[in-house]
1. Kindly establish whether residue 321 is hydroxyl-bearing (Ser, Thr, Tyr) and modelled with pLDDT of 95 or more.
2. Looking at residue 201, is it free of Cβ contacts under 8 Å to residues at least 24 places away in the same chain and among the aromatic types (Phe, Trp, Tyr)?
3. Give me the helices (runs of 4 or more DSSP H) completely within region 176-262, filtered to those with at least 3 residues that are more than 24 Å from the chain's Cα centre (by Cα) and not basic (Lys, Arg), ordered by residue number.
4. Where residues in region 242-265 are touching an Asp or Glu at 6+ places or on another chain (Cβ under 8 Å) and surrounded by fewer than 22 Cβ atoms within 10 Å (Cβ to Cβ), which of them is farthest from residue 331 (Cα to Cα)?
5. Of the residues 184, 200, which is at pLDDT below 95, among the polar types (S, T, N, Q) and under 24 Å from residue 97 (Cα atoms)?
6. Please indicate, with yes or no, whether at least one residue in region 120-133 is charged (D, E, K, R) and over 17 Å from the mean Cα position of the chain (by Cα).
7. Where in region 1-47 are there strands (runs of 3 or more DSSP E), lying fully within it, with 1 or more residues that are of a type in the set (Asp, Glu) and within 24 Å of residue 184 (Cα to Cα)?
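The values are calculated or read from the model by the stated rules, or taken from the named source; none is laboratory data. These numbers were taken from a predicted model, which means no experiment stands behind them. With ideal geometry, Cβ positions are generated from the backbone for all residues, glycine too; neighbour counts draw on all protein chains shown.
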Amino acid sequence: MDISNFVTAQEIIPFKYPLNGTWVISIDIGFSSVKGFCPNSRFCFPSYAKKLDSPLRTDDPDDIYYRDDTGLYLVGINAQEIVTSSDTNDTRSLFDRNRYFTKDFQIFLRTAYAIGLMENTVMRKASQMPVFIQTGLPAAYLKEDASKIRAAFTTPGKFEIKLGTGKWRRYDMALRNSELSVMSQPAGTLNSIMVSDDGSFRENARQFMAGNILIADAGFGTFDPYGVINRKVALQESIDNLGMKRILEKASEKIYKDYHIDIRIPQMRKYLRAGYFKRTDIRRMKSEKIMLAPYIDAACESVAAESLEKLYDMAGFFQDYDILVLTGGTGAAYLPYYKKALSEMDGLTIIAGNDGNELPIYYANARGYYMTAFRNKAGGRT
């Protein structure tokens, strides 16, 4: 099995996205990664930060440093890479729904905000151009949590960011409520599949708007079904523990059963990049590499089947739906299982959340956020 679908990427890709006089930055802060779009780039980095006691590291092109009055932090892929087998870093705050006021969440949103403002070879933001932030939440959490994520984004603060071997850059973040909008994550994917890179509607947008469409947003922590029938929301739920986190937990449980090695999720995400973990016989001074793919494959098939069973029941056996969209960071991993299991569902079209563009599927919600704000001319609708 190719486990690349399970590896969290880190990249900043210069690209020209539509601009309408407002510098829109879309930010999707997931449990696994932070994704974003702005007029001159798209970006992604793992949702992981590590406080450093001293800046003794040699600068690496993949380094993202964050600094404020509480200290110096390494963010993203290289923070994830320095997790060790003895690291007992508490994962509870990383994967807790109510993480909006944690230090980690503050670092993630501020880092994304800063990257979204940076100039590059595509363009630079005009000094007087207003900034507008579009973010989102699981549909089922939107009503209750929108005020919390708004408070997190509008908390003022001064900080510095350093990318790779570049210079430190200072930021003074002070957003007003009118400069921020919060939408549902699945609606982000729906908008993304309807809109081209230039901000115009695709030819088949009418089909998506008129059809009965079911979006299954499989993220790291949650599985979020969102159904629209006759242009009205018919289903919006959020189910914990049916995403990538549960896959990694199940794989870890089987590894422990086979080898008595306890691998925590932050460490598991590090091993995914390598494709293996090591088993060490300390008495014989011997070690061997154990491939992760068989464990991830078995766990993914099990969790995907469980998620499909839940979705099938919640969506009335798909009888009223024409289109099923698999999206979210885990959606790419679930897609082949869903297509195989539903191959005899006549009249149900199954597509990926990146339909109409060539971006990885985990960008779907953030891309939809951006296109929504652009098309609304940053009107600030929640």
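1. Yes: the conditions hold for residue 321.
2. yes
3. 205-210, 244-259
4. Once the filter is applied, the top-ranked residue is 256.
5. Sole residue among the options that is at pLDDT below 95, among the polar types (S, T, N, Q) and under 24 Å from residue 97 (Cα atoms): 184.
6. yes
7. 23-29
Residues checked against (1) farther than 30 Å from residue 352 by Cα; (2) among the polar types (S, T, N, Q); (3) assigned to a strand (DSSP E or B):
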residue	(1), (2), (3)
104	yes, no, no
147	yes, yes, no
161	yes, no, yes
170	yes, no, yes
